[in-house]
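The values are calculated or read from the model by the stated rules, or taken from the named source; none is laboratory data. In this text the structure is predicted, and so the values were computed from the model without any measurement. Methodologically, a virtual Cβ is constructed for each residue, glycine included, from the backbone with ideal geometry; neighbour enumeration extends over all protein chains shown. For accessibility, only protein heavy atoms count, side chains too; no ligands or nucleic acids. Shrake-Rupley method; radii C 1.70, N 1.55, O 1.52, S 1.80 Å.
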Amino acid sequence: MNELLPALYDHLEPVALRIARRAAALEPVDAQRAYLVGVARQIVDSGSFRAEAPSLVTPPGLEGTFGWFKLLDVHLEDFVAGRMEAGEIIAQGGGRLWEAFQARDLVCAVFGHGVARALAPMLPGADVLELGTGTGGTTRRMAADLTTANRVVLSDLRQSFLDRVAADLPGVPLETCIIDVNRPQPELGPFDLIFSTNCIHVAKDLPATLGWIRRGLKPGGALVLGEGSHYSEVLPSPVSLVLSLFNGWWDVPTTPERPQPGFLLPQHWFAAFEAAGYRNTSMERWTDGPRTFGGVYWAFA
């Protein structure tokens, strides 16, 4: 388990609980706001979140996460009442806060580290695809190892993201491509390795997305995912409060096999892998018992 995560979430919970107590008393005006209020009520009703931080000193590396919580804190009532749109709040954070959150904040960075560590011995001579490169939090950590690959394709919905990351990867046999995980891209394969960090959970039809990814792998090829998790089937991750601002999180369709939007729990990932035809699935699971934080998953074609 990544030993940082329990301590980090111990510092996040009091902030999330304070906001959740306010949000739980509000009446939402639409489905997006209703998701936020529902998460808040789950947090409050559970009675399990810390009310006080474990120390007066906040660990460095949480600035991105706390930045988003601060914006939600300031604008909570206006947002839930419909007087302010999510996009207006997100714009106040801007690209810099998003990059700080995704690429450098420890709550996210641990997953990039986990994926990079898992992939390193598999990269020499491999054809590799990254889905959801984003601000490059995982990719930059692999810069030296990626130079040993045969072919590396970075993908995202924004070419500007890909161009900035590519500029930091000299010596890597690099290509870039615009890919939406909700739209099959079979012409890009086959690959020895496909990897992604905190992206595939946004897929609107997870079995379909995992299916076309598997078909893009060579026989015996591996899908490696770094994915966060809700705490349990009845208690969402505290970061769900701030991620409720983002389309693609709160509005992902739910099913009996996927009871909550956003993150999946490990048992849901393994069921989805099996349904999509993967074999030899496993994970490095990060949990402190009551709370599941996620981990790194392997699934083979």
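Structure notes:
- Listed conditions (1) more than 22 Å from the chain's Cα centre (by Cα); (2) surrounded by fewer than 18 Cβ atoms within 10 Å (Cβ to Cβ); (3) in a helix (DSSP H, G or I) are all met by residue 56, apart from (3).
- Selection within region 181-214 - in a loop (DSSP other than H, G, I, E, B), open to solvent by less than 60 Å² (accessible area, probe 1.4 Å) and either within 18 Å of residue 250 (Cα to Cα) or at pLDDT 95 or above (or both): 181, 198, 199, 203
- Taking the criterion of being in a loop (DSSP other than H, G, I, E, B) and in contact (Cβ under 8 Å) with a residue 40 or more places away in the chain, the residues of region 270-301 that qualify are 276, 277, 278, 288, 290, 291, 301.
- Out of 169, 131, 106, 162, sole residue that is within 17 Å of the chain's Cα centre (by Cα) and more than 17 Å from residue 224 (Cβ to Cβ): 106
- Among the residues examined, residue 55 does not qualify as modelled with pLDDT of 95 or more and polar (S, T, N, Q).
- The residue that is nearest to residue 240 (Cα to Cα), counting only those in region 1-10 that are open to solvent by 60 Å² or more (accessible area, probe 1.4 Å) and aliphatic (A, V, I, L, M), is 4.
- Residue, farthest from residue 118 (Cα to Cα), within region 11-37, restricted to residues that are open to solvent by 30 Å² or more (accessible area, probe 1.4 Å) and not aliphatic (A, V, I, L, M): 27
- Test: residue in region 229-241 that is buried (at least 17 other Cβ atoms within 10 Å of the Cβ), within 19 Å of residue 17 (Cβ to Cβ) and among the β-branched types (Val, Ile, Thr): yes
- Subset tally (residues that are under 27 Å from residue 285 (Cβ atoms) and open to solvent by less than 60 Å² (accessible area, probe 1.4 Å)) for region 41-53: 4
- Which numbered condition residue 296 misses (of (1) open to solvent by 40 Å² or more (accessible area, probe 1.4 Å); (2) within 16 Å of the chain's Cα centre (by Cα); (3) not basic (Lys, Arg)): (1)
- Scanning region 245-269 for residues that are touching a Gly at 6+ places or on another chain (Cβ under 8 Å) and either of a type in the set (Lys, Arg) or part of a loop (DSSP other than H, G, I, E, B) (or both) returns 249, 250, 252, 263.
- In region 92-131, of all residues being at pLDDT below 90 and of a type in the set (Phe, Trp, Tyr), the one that is surrounded by the fewest Cβ atoms within 10 Å (Cβ to Cβ) corresponds to 98.
- Among residues of region 141-180, those that are outside any loop (DSSP other than H, G, I, E, B), more than 25 Å from residue 301 (Cα to Cα), open to solvent by less than 50 Å² (accessible area, probe 1.4 Å) and among the aliphatic types (A, V, I, L, M), counted: 4
- Residues that are free of Cβ contacts under 8 Å to residues at least 12 places away in the same chain and under 28 Å from residue 10 (Cβ atoms), drawn from region 235-269: 267, 268
- Index of the failed condition, residue 268 passing every other in (1) open to solvent by less than 50 Å² (accessible area, probe 1.4 Å); (2) out of contact with any Leu (no Cβ under 7 Å at 6 or more places or on another chain); (3) within 24 Å of residue 68 (Cβ to Cβ); (4) of a type outside the set (D, E, K, R): (3)
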